[in-house]
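The next block holds one structure in the form of structure tokens; read it before the comments.
The values are calculated or read from the model by the stated rules, or taken from the named source; none is laboratory data. Quick caveat, the model's predicted, so the values are computed rather than measured. We place every Cβ from the backbone using ideal geometry, glycine too, and count neighbours over all the protein chains shown. With ligands, DNA and RNA removed, areas are computed over all heavy atoms of the protein, side chains included. Shrake-Rupley method; radii C 1.70, N 1.55, O 1.52, S 1.80 Å.
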Amino acid sequence: MPPTTFAGGRIRVTTPPSYDVQRVRRSRARGLRGDPPVATDVSKNAIVSALKDSGLAVIERVHLTPRMSRDLGRPAGNRAAKVKLEVDLPRGQDAVVLLERNG
């Protein structure tokens, strides 16, 4: 399966057939069940602000989700799978990849 590209081709994400990857269109905080949404927003905003203060810039946000299976519209499940992420950087620059799971 060919990679899905983002940021003008500078970011390439290769997923197994059981997953979809797409660009996050707008920021949407998702907390764990029972978590107050305000706490989730405050924590996420604090991390992003600290990174920006350090001179880092968000290049792209992507959303990785399991594809729905054909039986009853359920997700395909938690099958072991590998995702490959490639990022092209100018000389002298570094990248940080932040992963978020379940908000």
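Values computed for the structure shown
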| quantity | calculated |
| --- | --- |
| Among (1) over 16 Å from residue 101 (Cβ atoms); (2) at pLDDT 75 or above; (3) surrounded by 10 or more Cβ atoms within 10 Å (Cβ to Cβ), the one test that residue 85 misses | (1) |
| Failed condition for residue 72, given (1) open to solvent by 60 Å² or more (accessible area, probe 1.4 Å); (2) at pLDDT 85 or above | (2) |
| Of residues in region 2-18 being touching an Asp or Glu at 6+ places or on another chain (Cβ under 6 Å) and not in a helix (DSSP H, G or I), the one farthest from residue 88 (Cα to Cα) | 6 |
